[in-house]
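Inspection log for the structure reproduced underneath, given as structure tokens.
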Amino acid sequence: MTTFAERDGDHYVLNGSKNFITHAISSSVAVVIARTGAKGDKKGMSAFIVEKGTPGFTAGKKENKLGMRASETACLFFDNCRIHRDQLIGEEGQGFVQALKLLDGGRISIAALSLGIARGAYECALKYAHEREQFGKKIYEFQAVSFALADMATQVEASELLTRQAGYLKDHGDRVSKIGAMAKLYASEAAVSVSNESVQIFGGYGFTKDYPAEKFFRDAKLCTIGEGTSSIQKMVIAREIEKDIL
Ligand SMILES: Cc1cc2nc3c(=O)[nH]c(=O)nc-3n(C[C@H](O)[C@H](O)[C@H](O)COP(=O)(O)OP(=O)(O)OC[C@H]3O[C@@H](n4cnc5c(N)ncnc54)[C@H](O)[C@@H]3O)c2cc1C
């Protein structure tokens, strides 16, 4: 983390930048985690609220993305951006712990987002497979197509069960680092796989914008990247399951 917040009397002065920020241009307020201590010190990060229009706080250009194009993404820049100490969230040094807690819940949201994309991709392919006829029969009657749909239906169901379990445990105040990462990992990878198969079932039309399959395919990929890539989820899960034998 290279954005710094330096204390100056009753104020903090922010300098640095943040990459790939959702709604960086359209939002009116940002939660910013910046370094208030030494590099590598878990207590050296703090979270702040920064309002749009604050001098020294600007957004960069809108990224030209593969998918999720309805939601803009851009950089945020802090150039001697002065904010009052009242804009500190909680206490100085709590930013790292606050971020981890947020990510545990956020990952369940990405799992739910993945599930919605996978379900949409599956349902439109199931419908199309009953409409499209080739060689005198509905393409659903080809085992290759119906088996692909059976796999997709199973992945959607499994994603829902993991996501619901994670949400249930969170609602009951349990720690959800492991189950949240599992739900996000599984559901996002399932969304990529299911939406890929959906495009395939649509054949040539899957590659056009006449049907929604291509959009599901493009949007799904973000879910394996945002809020931590699939490799990072595996690191979280591996750390958690190690505790089971200690
Ligand atoms: C559309 C979009 C919206 C976003 N919105 C936000 C937002 O609102 N707020 C915000 O803070 N961030 C946001 N992000 C950032 C997002 O969380 C990061 O892009 C994501 O976590 C991956 O980090 P990175 O881009 O630095 O990739 P890198 O860390 O550079 O990863 C590159 C590759 O290296 C691998 N890798 C990296 N480290 C390790 C490791 N330790 N072990 C194994 N493999 C590793 C990764 O898995 C990946 O395959 C957004 C990103 C996108 C694309």
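If ARG35 passes every condition in (1) touching a residue at least 40 places away in the same chain (Cβ under 8 Å); (2) more than 14 Å from the ligand (Cβ to nearest atom) but one, which one does it miss?
(1)
Restricting to segment 63-97, what's the tally of residues that are assigned to a strand (DSSP E or B) and within 11 Å of the ligand (Cβ to nearest atom)?
So the count comes out to 4.
So, in segment 38-61, of the ones that are surrounded by 14 or more Cβ atoms within 10 Å (Cβ to Cβ) and either among the small types (Gly, Ala, Ser) or more than 22 Å from LEU88 (Cβ to Cβ) (or both), which residue ends up farthest from the ligand (Cβ to nearest atom)?
Here the answer is GLY56.
Under 6 Å between Cβ atoms, at least 6 apart or on separate chains: pull out the pairs that start in segment 211-240 with a residue that is outside any helix (DSSP H, G or I) and end on any residue that is within 10 Å of the ligand (Cβ to nearest atom) and among the hydroxyl-bearing types (Ser, Thr, Tyr).
THR224/SER230
Out of all the residues in segment 181-237, which are under 14 Å from the mean Cα position of the chain (by Cα) and β-branched (Val, Ile, Thr)?
VAL192, THR224, ILE225, THR229, ILE232
Okay, residues lined up against (1) touching a His at 6+ places or on another chain (Cβ under 8 Å); (2) within 30 Å of GLU214 (Cα to Cα); (3) at pLDDT 95 or above; (4) not assigned by the TED database to the domain that holds PHE20:
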| residue | (1), (2), (3), (4) |
| --- | --- |
| MET68 | no, yes, yes, no |
| ARG85 | yes, no, yes, no |
| ILE108 | no, yes, yes, yes |
| ILE117 | no, yes, yes, yes |
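Answer with yes or no whether ASP174 is of a type in the set (Asp, Glu), more than 14 Å from ILE110 (Cα to Cα), assigned by the TED database to the domain that holds SER231 and not in a helix (DSSP H, G or I).
yes
As an exercise: evaluate GLY16 against (1) more than 12 Å from PHE77 (Cβ to Cβ); (2) within 16 Å of the ligand (Cβ to nearest atom) and give the number of the one condition it does not meet.
(1)
For every residue, the table says whether it meets (1) under 21 Å from ALA112 (Cβ atoms); (2) within 16 Å of the ligand (Cβ to nearest atom).
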{"site": "LYS137", "(1), (2)": "no, no"}
{"site": "THR163", "(1), (2)": "yes, no"}
{"site": "VAL176", "(1), (2)": "yes, no"}
{"site": "PHE202", "(1), (2)": "no, no"}
{"site": "LYS209", "(1), (2)": "no, no"}
{"site": "ALA238", "(1), (2)": "no, yes"}
{"site": "ILE241", "(1), (2)": "no, no"}
{"site": "ILE245", "(1), (2)": "no, no"}
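Being over 12 Å from the mean Cα position of the chain (by Cα) and touching a residue at least 40 places away in the same chain (Cβ under 8 Å): is that true of GLY90 here?
So GLY90 fits the description; yes.
If I filter segment 21-32 for residues that are in the same structural domain as VAL236 (by the TED database) and either β-branched (Val, Ile, Thr) or away from the ligand (no atom under 15 Å from the Cβ) (or both), do I get at least one hit?
Checking segment 21-32: not a single residue is in the same structural domain as VAL236 (by the TED database) and either β-branched (Val, Ile, Thr) or away from the ligand (no atom under 15 Å from the Cβ) (or both).
Just name the residue that is surrounded by the most Cβ atoms within 10 Å (Cβ to Cβ) out of those in segment 199-246 that are more than 27 Å from ILE21 (Cβ to Cβ) and of a type in the set (Val, Ile, Thr).
ILE201
The values are calculated or read from the model by the stated rules, or taken from the named source; none is laboratory data. The model shown is predicted, which means the values in this text are computed figures rather than measured ones. Using ideal geometry, Cβ is built from the backbone for each residue, glycine included, and neighbour counts are taken over all protein chains shown.
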